[in-house]
Every structure is written in C-alpha cells, then in structure tokens.
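Read the structure below first, then the notes.
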Amino acid sequence: MAVKPIPDGAPRVSPYLIVKDVAKTIDFLKKVFDAEEIEKMTLPDGTVNHGSVKIGDSLIMMGGGSLEYPPIPSMLYIYVEDTDATYKRGLNAGGQSIIEPTNQFYGDRNAAVKDSDGIQWWIASHIEDISAEEMQRRNEERAKKN
C-alpha cells in the first residue's frame, strides 16, 4: 500500500508551537479546550519533547524549546460553543486574562487568555452573521472611535 503524502485525518495546515514544557501545554489544552491528546514523545529522562492534540477538527503540534529553537509566543483563534465557559476554564487552568468575553463588531463573542509560554489563546463563538457591506460599515465606524 502506498504511503499517503497527507496522512488520514491531518489538515493541510496545522500550527506547530515551540513551548517550554510540552506536557504542561498539553495539559492546559485538555483542561481549557477538551483537547484530545494524539501523540506524546519522550526523551530518555522522561521529558516530553514532542506532542500533538486535536481540538475539534484541528491539529496542533508542539515541540519543546531548545537553544537552537527557543520557545516562540504566538496567537491562535479557536472557535468554541461557549466563549464564557471556555474563558473561565482558561483562567482556572492558570491562564492570564488578556480580554474578558466581549461581543465584537464582526459577529463573534470572544475572549483571550495567555498561557505560561506567552501563547495567546483567543476564544470565540460566532453569534451574528453579517454581510460584507455591514462588516465594512462597522469596521469604519469602529475606526472613527479609536
């Protein structure tokens, strides 16, 4: 059987995070987003140096930082069923609040928490379908206020 160039179940694009502590990041994602652990590789000393999780239909891979590849803060936007509940789980799991749950002009209710690696996890639930014209109007109105 031929090897598939794109593995079954793998999306075309997946974020790959470089973090201080892979096991801690996986635990955070399980607590906050009900992530499913897909893979965890360890070194002889027991340190987890690579892992991957699924959140819904998305795959997030991660590796432990090193001198060659130090941890890199990043930002991910994740749709969930309940922004407020997920935000609270983020705080309870040790996340630091960036923005409390707020309805946004573009039709999402979002919030954000930062984990111990400095990664910003933007949490969103879509609450309103908006036409492109209305989105542009709201964007311009918002810009006038800032």
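List of remarks:
- Boolean, Gly94 is in contact with an Asp or Glu (Cβ under 9 Å, 6 or more places away or on another chain), surrounded by fewer than 19 Cβ atoms within 10 Å (Cβ to Cβ) and either acidic (Asp, Glu) or farther than 17 Å from Pro15 by Cβ (or both): yes
- Of all residues in segment 109-127 being charged (D, E, K, R) and modelled with pLDDT of 95 or more, the one that is surrounded by the most Cβ atoms within 10 Å (Cβ to Cβ): Asp115
- Of the strands (runs of 3 or more DSSP E) lying entirely inside segment 70-146, the ones with 2 or more residues being among the β-branched types (Val, Ile, Thr) are found at 96-103.
- Selection from segment 59-87 of residues that are surrounded by 13 or more Cβ atoms within 10 Å (Cβ to Cβ), among the polar types (S, T, N, Q) and out of contact with any Lys or Arg (no Cβ under 7 Å at 6 or more places or on another chain): Ser74, Thr86
- Candidates Met61, Met41, filtered to the one that is more than 16 Å from the chain's Cα centre (by Cα) and either part of a strand (DSSP E or B) or at positive phi (or both): Met41
- Residue list for segment 27-36, restricted to those being over 11 Å from the mean Cα position of the chain (by Cα) and either within 20 Å of Ser74 (Cβ to Cβ) or hydrophobic (A, V, I, L, M, F, W, C) (or both): Asp27, Lys30, Lys31
- Residue, nearest to Glu37 (Cα to Cα), within segment 2-26, restricted to residues that are among the aliphatic types (A, V, I, L, M) and surrounded by 10 or more Cβ atoms within 10 Å (Cβ to Cβ): Ile26
- In segment 31-39, the count of residues that are farther than 19 Å from Gly9 by Cβ, at pLDDT 95 or above and basic (Lys, Arg) is one or more.
The values are calculated or read from the model by the stated rules, or taken from the named source; none is laboratory data. These figures come from a predicted structure and were not determined experimentally. When we count neighbours, we look across all protein chains shown, and the Cβ atoms used for this are built from the backbone with ideal geometry, even at glycine.
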